[in-house]
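Peer 1: Sharing a structure below in structure tokens format, with a few things to ask.
The values are calculated or read from the model by the stated rules, or taken from the named source; none is laboratory data. Everything numeric here is computed off the predicted structure, so don't read it as measured data. Cβ placement follows ideal geometry from the backbone for every residue including glycine, while neighbour counts extend to all protein chains displayed. Note: areas computed on protein heavy atoms with side chains; ligands, DNA, RNA excluded. Shrake-Rupley method; radii C 1.70, N 1.55, O 1.52, S 1.80 Å.
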Amino acid sequence: MSSVQTSQHRPGHGIAWMLAAGLFFVMMNALVKYVGQELPSSQAAFLRYVFGLIFVLPALGQLAKARFSAHVWQLFLARGVVHTGAVLCWFYAMTQITVAEVVAMNYLTPIYVMLGAAVFLGESFSTRRMLAVAAAFLGVLIILRPGLRELGAGHISMVFTAIFLGISYLIAKRLAQDASAGVVVAMMSITATIGLVPAAIMVWVPPSLVQMAWLAVVAFFATAGHYSMSRAFAEAPVSVTQPVTFLQIIWAAATGAIFFAEPVDFWVVVGAGVIMAAVTYITWRETILKRRVTPNPNEPKT
């Protein structure tokens, strides 16, 4: 049995790594919100990615040796453009709405990935999946409650964040056929950093050393979060680790209340729970399907 197969049977390790990933991401969110109160959001995003380049240096050697077709380079560029849009929207949203709302609405990204895979990659889209998508969007309506409260630019920004991230992940899925994970991440970091330059220049203010230090810590937490999440996926099936990510909304609500005096919105937590239930169900169904060695050809695909 290979090491990958062995590690996939350690659910305790997978849950622990996913818990760590959630904590890292929530700490990253809190620091972005803190720094965003003093620096323009686009400048903060640019500096975060500049510091993030340090963590992708090991992959530059692979990138220098790679020989990609023009089409692959176009995909790298396209991903850089949409990911830049996602980063700008996300950093702006962090300065406008609560940490809990940002985390809750970010749960929509897997839903957009699934929709995009059905539309652009020809993947199957069954009734069960449609019902899960409908449940996820019901969760969004519970969070936003249009007509019952005023919606701000931050809420709209998070809708576009999830859409852009979904497109970015779909392109990354295609790029995985031609490049290693390290190269894909490195190219995303490089192209997003370049893409953020114009937006940062337009609003640039001299940052203090303390602000620069905080953004370096943000880059560290982001990298640590993605690393921990990757380890979680290696240790246990996604169906085991995915539900753990729901704890992020609890930590985010607590962080917002304690450090930023943000009121805890019960309906945000409920809406996030509905979205997460839909995502978890889809993940569980995908896991079941992958375990079927000899599927029944007469059984409807889900």
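Peer 1: Looking at (1) in a helix (DSSP H, G or I); (2) open to solvent by 60 Å² or more (accessible area, probe 1.4 Å), which is the one condition that is false for Asp178?
Peer 2: Tallying (1) in a helix (DSSP H, G or I); (2) open to solvent by 60 Å² or more (accessible area, probe 1.4 Å), Asp178 fails exactly one: (1).
Peer 1: Moving to a separate point now. Quick check: anything in region 188-203 of a type in the set (Val, Ile, Thr), open to solvent by less than 30 Å² (accessible area, probe 1.4 Å) and touching a Lys or Arg at 6+ places or on another chain (Cβ under 9 Å)?
Peer 2: First pass over region 188-203, keeping only residues of a type in the set (Val, Ile, Thr): 190-191, 193-194, 197, 201, 203.
Restricting the remaining residues to those that are open to solvent by less than 30 Å² (accessible area, probe 1.4 Å) gives 191, 193.
Then keep just the ones that are touching a Lys or Arg at 6+ places or on another chain (Cβ under 9 Å); that gives 191.
Looking for residues that are of a type in the set (Val, Ile, Thr), open to solvent by less than 30 Å² (accessible area, probe 1.4 Å) and touching a Lys or Arg at 6+ places or on another chain (Cβ under 9 Å), one finds at least one in region 188-203, hence yes.
Peer 1: Identify, from the list Phe220, Phe233, the residue that is open to solvent by 50 Å² or more (accessible area, probe 1.4 Å) and over 15 Å from the mean Cα position of the chain (by Cα).
Peer 2: The unique qualifying residue is Phe220.
Peer 1: Taking Trp73 and the conditions (1) closer than 24 Å to Trp214 by Cβ; (2) aromatic (Phe, Trp, Tyr); (3) open to solvent by 50 Å² or more (accessible area, probe 1.4 Å), which numbered condition does it fall short on, given that it satisfies the others?
Peer 2: Among (1) closer than 24 Å to Trp214 by Cβ; (2) aromatic (Phe, Trp, Tyr); (3) open to solvent by 50 Å² or more (accessible area, probe 1.4 Å), Trp73 violates only (1).
Peer 1: Something else about it: Can you tell me which residue within region 83-98, out of those that are open to solvent by less than 30 Å² (accessible area, probe 1.4 Å) and aliphatic (A, V, I, L, M), is nearest to Ile156 (Cα to Cα)?
Peer 2: Ala93
Peer 1: Filtering region 20-68 down to residues that are in a loop (DSSP other than H, G, I, E, B) and touching a residue at least 24 places away in the same chain (Cβ under 8 Å), which residue is most open to solvent (accessible area, probe 1.4 Å)?
Peer 2: The first filter runs over region 20-68 and keeps only residues in a loop (DSSP other than H, G, I, E, B), leaving 37-40, 66-68.
Now restrict to residues that are touching a residue at least 24 places away in the same chain (Cβ under 8 Å): 37-40, 66, 68.
Details: Gln37: 124, Glu38: 102, Leu39: 7, Pro40: 37, Ala66: 25, Phe68: 40 Å².
Ranking the candidates gives Gln37 first.
Peer 1: Could you tell me which of the residues Pro198, Pro207 is farther than 21 Å from Ala30 by Cα and either in a helix (DSSP H, G or I) or not aliphatic (A, V, I, L, M) (or both)? Let's see the steps before the verdict.
Peer 2: Numbers: Pro207 fails: farther than 21 Å from Ala30 by Cα.
Of Pro198, Pro207, the one residue that is farther than 21 Å from Ala30 by Cα and either in a helix (DSSP H, G or I) or not aliphatic (A, V, I, L, M) (or both) is Pro198.
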